[in-house]
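In what follows, a single structure is set out as structure tokens and then discussed.
The values are calculated or read from the model by the stated rules, or taken from the named source; none is laboratory data. Because the structure is predicted, anything quoted here is derived from the model rather than measured. So basically every Cβ, Gly included, is an ideal-geometry build from the backbone, and we count neighbours across all protein chains shown.
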Amino acid sequence: MARPMSERWRSGLVLLLSVALFAGIVLFAPGSNLSAVRRLLGLQSPLGNPAEVPDEGTYAFLATQPGGDDPVAWDPCREIRYEVNPDGGPDDAVELVADALADASEISGLQFDYLGETDRRPVWESRFVPGFGRAEPVLFSWADEDEVAELDGDVVGLGGAGAIEEGGWSRYVTGAVTLDTDDRAELAAARGLDPETVRRATLLHEIGHLLGLDHVDSPYELMQPHNSGITDYAAGDQAGLAALGSGRCS
Ligand SMILES: [Zn+2]
């Protein structure tokens, strides 16, 4: 005949199960409610690592934290979800976006999650701030200046992000890149530049804004407002992107 479990043994077992249950909740519970606990326990870490690039060249941030120099950036512990509306874009619109994001990801360490194609249309609150609800994924799209007034004149594209503030810390949670359907890549071709290279460079520039980079005066960076032949992220652009990928997890 089995002996009944002693009280001490039983309460020890209950304690053990409670600890296991708590650990399970902390480790596997979805949502952000327990993110503070995860952070305290050191369980939350960035999804990728920024490239090790020298802090050279010129770069600037679109926004900094209130009362500090730290840039407003995306949460490196979360994937940046995005959709593409290829309407009005080149045939390889989705691939073009994915390739450019792969470049930005390699330098910043930030990770992107492609949700698929969408019918959503771009809305801009101002030059670098899309007019989207803060829960909406990043939208890549093509439009003309009749639909998006900010594309007026010689503006070839728009890029930017919208932030929320929690506990005195701001982070980007939605964003957009809108490229002009009036494809100036063909004009560039007339000047002897490869249209594909020009399209890609424009996209990389706008993704720079999406991730938090501002324009700089230097003619050696892709983030200069009027491109004079730089077709890839240069030294300062890379240093800025690496800094933007080193943000705080929330
Ligand atoms: Zn720009």
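Output the residues belonging to region 124-142 that are within 16 Å of the ligand (Cβ to nearest atom) and surrounded by 17 or more Cβ atoms within 10 Å (Cβ to Cβ).
Trp124, Phe128, Val129, Pro130, Phe140
Could you check region 202-223 and list, in sequence order, the residues that are among the small types (Gly, Ala, Ser) and within 10 Å of the ligand (Cβ to nearest atom)?
So the first thing to find is which residues in region 202-223 are among the small types (Gly, Ala, Ser), and the list is 208, 212, 218.
Gly208 - this is the single residue of region 202-223 that is among the small types (Gly, Ala, Ser) and within 10 Å of the ligand (Cβ to nearest atom).
Somewhere in region 209-217, is a residue small (Gly, Ala, Ser), part of a loop (DSSP other than H, G, I, E, B) and crowded, with 22+ Cβ neighbours inside 10 Å?
So far as region 209-217 goes, yes, one or more of its residues are small (Gly, Ala, Ser), part of a loop (DSSP other than H, G, I, E, B) and crowded, with 22+ Cβ neighbours inside 10 Å.
Quick test for you: out of Arg121, Arg199, pick the one residue that is in the same structural domain as Leu101 (by TED's automatic domain parsing), touching a residue at least 24 places away in the same chain (Cβ under 8 Å) and within 16 Å of the ligand (Cβ to nearest atom). Give the derivation first.
On the way: Arg121 fails: within 16 Å of the ligand (Cβ to nearest atom).
From the options Arg121, Arg199, the qualifying one is Arg199.
Taking the condition of being free of Cβ contacts under 8 Å to residues at least 60 places away in the same chain, part of a strand (DSSP E or B) and away from the ligand (no atom under 16 Å from the Cβ), how many residues in region 144-164 meet it?
Counting residues in region 144-164 that are free of Cβ contacts under 8 Å to residues at least 60 places away in the same chain, part of a strand (DSSP E or B) and away from the ligand (no atom under 16 Å from the Cβ) gives 2.
Would you please name the residue that is surrounded by the fewest Cβ atoms within 10 Å (Cβ to Cβ), looking only at residues in region 57-102 that are assigned to a helix (DSSP H, G or I) and among the β-branched types (Val, Ile, Thr)?
Taking region 57-102 as the starting set, the residues that turn out to be assigned to a helix (DSSP H, G or I) are 93-102.
From what's left, among the β-branched types (Val, Ile, Thr): 94, 97.
Values: Val94: 17, Val97: 24.
This residue is Val94.
Could you tell me which residue of region 224-235 is nearest to Pro54 (Cα to Cα), considering only residues that are away from the ligand (no atom under 14 Å from the Cβ) and either crowded, with 17+ Cβ neighbours inside 10 Å or hydroxyl-bearing (Ser, Thr, Tyr) (or both)?
Once the filter is applied, the top-ranked residue is Ala235.
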